[in-house]
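Okay, structure first, notes after.
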Amino acid sequence: MFKKVVGSVVLVGLLSSSASALGFVNFDVGGVLGGAAIGDSYNGVVNGGAAAAREAALKLASGQEGGFKFTYGGYARLWLGGMFRVAPFFKYERTSTYNSTFALGGNAVKDGFSNWQYGGLFGVKVPLIGLTPYIGASYSQFTGIDLKGTYAINYGVKWDIPLLPLVNVGLDASWQRPQSSVDGSYTNINKIMLTLGVEI
């Protein structure tokens with residue numbers, strides 16, 4: 001997984017540097033910091049074995065399920081276009097549990113988990129003020145927790161700071177509903193992140 005991510009960063013960087021002379025290609029890389037709101041995954045339809053796994057996870061977590069969890073990570077986007085822009089992107093986010101345990105779909109999550117997203121964005125850059133709202137979709141994979149791969153909706157806004165031409169700040173959000181590999185239930189995961197990036 002790590003090799004794939006490094007390869008993606010290198011490829012996006014090479015594409016950006018080779019095409020930057022065209023004037024409508026920008027490589028945007030940065031960090032994210034925020035939280036993930038994780039809903040209760042119970043859907044009322046689990047078999048006996050899955051129900052036992054769920055009960056065991058709840059016991060280990062002292063009954064704690066979901067909640068708002070601290071999340072951090074990084075992203076890379078390749079913006080193409082002028083006022084109307086598209087961007088292939090990838091994003092890595094790590095959701096922490098602060099050494100506590102919570103239950104999710106039959107999983108007893110103790111050390112946190114990671115989420116990798118690969119997809120595309122469409123944005124409109126507002127002239128003069130440098131504001132770009134965007135929306136898109138991605139394929140989402142998890143490590144450190146038994147959740148199946150799924151699709152996510154991505155949306156947000158970034159602002160190019162006038163006095164710092166290479167720096168941008170923004171809000172980045174996503175919604176997804178992955179299925180547990182343990183008990184088959186689904187859960188809603190909503191993330192809202194502050195972003196700080198460098199765009200060249």
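For the peptides 162-168, 74-80, what is the packing order when you average, over each peptide's residues, the other Cβ atoms within 10 Å and list the highest mean first?
Numbers: 162-168: 11.7, 74-80: 21.1.
Most protected by this proxy first, the peptides run 74-80, 162-168.
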Surrounding charge for THR71, neighbours by C-beta under 9 angstrom, Lys/Arg +1, Asp/Glu -1, total +2
Which order do peptides 113-119, 130-136 fall in by mean Cβ count within 10 Å, highest first?
-> 113-119, 130-136
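Take the solvent-accessible surface of the protein heavy atoms, probe 1.4 Å, and return the percent of it on segment 126-200 that carbon and sulfur atoms account for.
The computed percentage sits at 71.
For the full complex of protein chains and a 1.4 angstrom probe, list ASP111, ASP160 by accessible area with the highest value first.
Details: ASP111 105, ASP160 30 Å².
Sorted by accessible area, descending: ASP111, ASP160.
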Would you pull out the residues with amide H under 5 Å of PHE113's amide H, same chain only if 5 or more places away, H placed 1.01 Å from N?
-> THR95
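Let me have the relative contact order for segment 123-200, percent, based on Cα pairs under 8 Å that are six or more residues apart. Write out the running numbers ahead of the final one.
Details: 168 pairs, mean separation 19.0, N = 78.
Across segment 123-200, relative contact order equals 24 percent.
The values are calculated or read from the model by the stated rules, or taken from the named source; none is laboratory data. As the structure is a computational prediction, the values presented were derived from the model and not from experiment. When we count neighbours, we look across all protein chains shown, and the Cβ atoms used for this are built from the backbone with ideal geometry, even at glycine. When the accessible area is computed, the model is the full protein with side chains, heavy atoms only, and any ligands, DNA or RNA have been set aside. Shrake-Rupley method; radii C 1.70, N 1.55, O 1.52, S 1.80 Å.
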